[in-house]
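What follows is one structure encoded as structure tokens, with my remarks underneath.
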Amino acid sequence: MGLRAEKKQATRTAIADAALGLFLERGFDRVTVADVARVSRVSVNTVFNYFPAKEDLFFDRQDEVIQRLPTAIRERAPGEPAVAAARRAFLAELDRDEVTLGLHPGIAPFWRVVEESAALQARLRHLRDRTEEALAETLRTETGADADDPMPRIAAAMLAAADASLHAEIRRRVLMGEDPGAVRTGVRRMAEATFEALESGLTTYALRSATGRPG
């Protein structure tokens, strides 16, 4: 990275850090981009040069998050199917305390800000949609599927939904005040069950018995 790129990255990081401090202190909806610019000692235009929308200031690593699953698929081992690659990647993130999981100590105020803001919740849904789109494109490329083959979209939807449910469980447990270690243990069990269900194709889940009762 050259000096100019380093300076730009430093400016971006400083703006994002200042914004997060304000959001945690006041809440997302009560902070303006002008507030962020003032604390960062830059112009409003400079903030927008780095972050096109206020939500981008909060989720400043969203591009990295969107590429998590596509990267796991592209980097899977020979003979490794997509579900196994996604499982391995998620469990590895748990093991190394990947920061974008939002599981480290002191993260509860961050998720509380999200819970209190409709705009941030909408952005989370948008990030899931973008993840699914990126994953579908990756699966189509990796499998050589035709443009009219629906399987890349179907598989991407299932994997993205599973991933989103695991992240939602992390947020839920953190906001309930659980210890990060306990959250990690519980989410690991959920992840194993989730990916096992995907691998088996939900073949017997919610099977209705002959008596009409759900199985």
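Among the residues of the stretch 1-36, the ones that are open to solvent by 60 Å² or more (accessible area, probe 1.4 Å), among the hydrophobic types (A, V, I, L, M, F, W, C) and either under 19 Å from ALA118 (Cβ atoms) or touching an Asp or Glu at 6+ places or on another chain (Cβ under 7 Å) (or both) come to 1 in all. The residue pairs whose first member lies in the stretch 28-41 and is closer than 13 Å to LYS54 by Cβ and outside any loop (DSSP other than H, G, I, E, B), whose second member is open to solvent by 70 Å² or more (accessible area, probe 1.4 Å) and among the polar types (S, T, N, Q), and whose beta carbons are closer than 9 Å, counting only pairs six or more residues apart or on different chains, are ALA37/ASN45. When THR71 is tested against (1) over 14 Å from the mean Cα position of the chain (by Cα); (2) modelled with pLDDT of 95 or more; (3) surrounded by 12 or more Cβ atoms within 10 Å (Cβ to Cβ); (4) at negative phi, exactly one condition is not met: (1). Which of the following residues is under 17 Å from VAL99 (Cβ atoms) and surrounded by 14 or more Cβ atoms within 10 Å (Cβ to Cβ): VAL65, VAL39? Residue meeting the stated conditions: VAL65. Any idea which residue in the stretch 130-146 is nearest to THR71 (Cα to Cα), counting only those that are without any contact (Cβ under 8 Å) to a residue 24 or more places away in the chain and open to solvent by less than 80 Å² (accessible area, probe 1.4 Å)? Per the stated criteria, the residue is ALA136.
Restricting the stretch 87-98 to residues that are of a type in the set (A, V, I, L, M) and touching a residue at least 24 places away in the same chain (Cβ under 8 Å), the residue that is surrounded by the fewest Cβ atoms within 10 Å (Cβ to Cβ) is LEU91. Return a yes/no flag: does the stretch 147-154 have any residue that is farther than 20 Å from PHE90 by Cα, among the small types (Gly, Ala, Ser) and open to solvent by 40 Å² or more (accessible area, probe 1.4 Å). Yes, the conditions are met somewhere in the stretch 147-154. Among residues that are at pLDDT below 95, surrounded by 16 or more Cβ atoms within 10 Å (Cβ to Cβ), closer than 19 Å to LEU103 by Cα and of a type in the set (D, E, K, R), GLU178 is included. Please determine whether any residue of the stretch 99-110 is aromatic (Phe, Trp, Tyr), part of a helix (DSSP H, G or I) and within 13 Å of the chain's Cα centre (by Cα). No, that holds for no residue.
Condition first: outside any helix (DSSP H, G or I) and over 29 Å from VAL31 (Cα atoms). Can you find one or more residues in the stretch 168-183 that meet it? Yes, the conditions are met somewhere in the stretch 168-183. Taking the criterion of being polar (S, T, N, Q) and exposed (fewer than 14 other Cβ atoms within 10 Å of the Cβ), the residues of the stretch 42-62 that qualify are SER43, ASN45. When you scan the stretch 50-64, do you find a residue that is among the polar types (S, T, N, Q) and not in a helix (DSSP H, G or I), even just one? Checking the stretch 50-64: not a single residue is among the polar types (S, T, N, Q) and not in a helix (DSSP H, G or I).
The values are calculated or read from the model by the stated rules, or taken from the named source; none is laboratory data. Just so it is clear, the model here is predicted, and its values are computed rather than measured. Because the Cβ atoms are built from the backbone with ideal geometry, glycine has one as well, and the counts that use them run over all protein chains shown. Side chains included, ligands, DNA and RNA excluded: accessible areas come from the protein's heavy atoms. Shrake-Rupley method; radii C 1.70, N 1.55, O 1.52, S 1.80 Å.
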